[in-house]
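Here the structure comes first, spelled out in structure tokens, and everything after it is commentary.
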């Protein structure tokens, strides 16, 4: 099968070559990282040295100049084929730098140049326990001198032990944007920041997705703080931003399914236990393989459609922001959530079918399928909505009623 999504620009093709090389390297040691359940920041040295860390940084600032989300998704897909945990770490960094690059203002240029040079690594500190993106308990309080005080606790902060900067969503308190959402870029070196390298998940065990605490962190007035819509509201900017920032997470699930497909194919083309004939010589095995391939075709088609739609909306936001009204943003988020739900279901199905084709050996800890079975379950927990919240949102938009914004 062709690999989807395929890159659409020359810069994307170069990035995918780098990603494929990294995936092959990571695949050789992924079992050890999974068993240990630890994230090693040194593994990102190759990402920086090869130039993939600056994938989304404009060329005039030293990066590869990737600005199409389809290209970013293609990179994450290939990385996830080798190690989904590390693919998520890289995706969090790339999505943050993609957002920074789209702004293209002078204030962001030094950080983007540092990313391209391998001197800065971004971590998205967004998720909080017991609430959602639109109701963060983390606060950004305006000081009398024009600076900020940041307080809050983030969970699932993927790759946080390697971060030099955090992209933090918070509730603004004070000033003319009081009680609005905001995204702040926070240097990890500041006092009051504690990174708890405490991740111990069922899957994605080497992703370093632990807790980060911000306690009385002082940000100077010149800090990069981007105000957004009202707290607790589905503003157009927040809806589109959440979708843009999570397309790679969705694609990582497709990368896991592709890896499971490859393992299943390897298994059925090998000799059986009682004869030298390949398992695929049996009609029942071919039937089971056909069901797996059918699910994967559907999965890749959904990913392709999401990539095309995401780039279409991203181009509109960049070139014609006046067209981004509430209805357009809500429908885009509904399309994203529908795609995410389908990718989650189909990737689960592909991995489960691969496990069935592997037989009892797939259930052993040493078989890579046992890791993929656990890793693929992470998709349903990823931002911005849980499965039941996503269905509620999609249903409300389809019915033309007001979506529920309660946490």
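The values are calculated or read from the model by the stated rules, or taken from the named source; none is laboratory data. Please read all numbers here as calculations on a predicted model, not as lab measurements. Ideal geometry is used to build each Cβ from the backbone, glycine not excepted, and the neighbour counts take in all protein chains shown.
At-a-glance table
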item	result
The stretch 306-327, residues that are assigned to a helix (DSSP H, G or I) and crowded, with 16+ Cβ neighbours inside 10 Å	306, 307, 309, 310, 311, 313, 314, 316, 317
One residue from 131, 139 being touching a residue at least 60 places away in the same chain (Cβ under 8 Å) and surrounded by fewer than 24 Cβ atoms within 10 Å (Cβ to Cβ)	131
Filtered residues of the stretch 67-101 (kept if touching a strand residue (DSSP E or B) at 6+ places or on another chain (Cβ under 7 Å) and over 26 Å from residue 202 (Cβ atoms))	97
Test: residue in the stretch 134-152 that is in contact with a helix residue (DSSP H, G or I) (Cβ under 8 Å, 6 or more places away or on another chain), within 21 Å of residue 209 (Cα to Cα) and modelled with pLDDT under 95	yes
Set 208, 255, 245, 241: member being within 30 Å of residue 4 (Cβ to Cβ), in contact (Cβ under 8 Å) with a residue 12 or more places away in the chain, in a loop (DSSP other than H, G, I, E, B) and under 17 Å from the mean Cα position of the chain (by Cα)	208
Residue 266 vs. criteria in contact (Cβ under 8 Å) with a residue 40 or more places away in the chain, over 19 Å from residue 94 (Cβ atoms) and surrounded by fewer than 17 Cβ atoms within 10 Å (Cβ to Cβ)	no
Those helices (runs of 4 or more DSSP H) lying entirely in the stretch 11-110 with at least 1 residues under 25 Å from residue 315 (Cβ atoms) and at pLDDT 95 or above	69-82, 84-103
Selection within the stretch 378-392 - surrounded by 19 or more Cβ atoms within 10 Å (Cβ to Cβ) and modelled with pLDDT of 90 or more	378, 379, 390
Residue satisfying condition, being assigned to a helix (DSSP H, G or I), at pLDDT 95 or above and either surrounded by fewer than 13 Cβ atoms within 10 Å (Cβ to Cβ) or not assigned by TED's automatic domain parsing to the domain that holds residue 245 (or both), within set 398, 354	398
Boolean, residue 61 is farther than 23 Å from residue 310 by Cα, surrounded by fewer than 24 Cβ atoms within 10 Å (Cβ to Cβ) and without any contact (Cβ under 8 Å) to a residue 60 or more places away in the chain	yes
Scan of the stretch 13-37 for residues that are under 18 Å from residue 370 (Cβ atoms), under 20 Å from the mean Cα position of the chain (by Cα) and touching a residue at least 60 places away in the same chain (Cβ under 8 Å), ordered by number	26, 30, 33, 34, 37
Failed item in (1) over 23 Å from the mean Cα position of the chain (by Cα); (2) within 30 Å of residue 228 (Cβ to Cβ), with residue 332 passing the rest	(1)
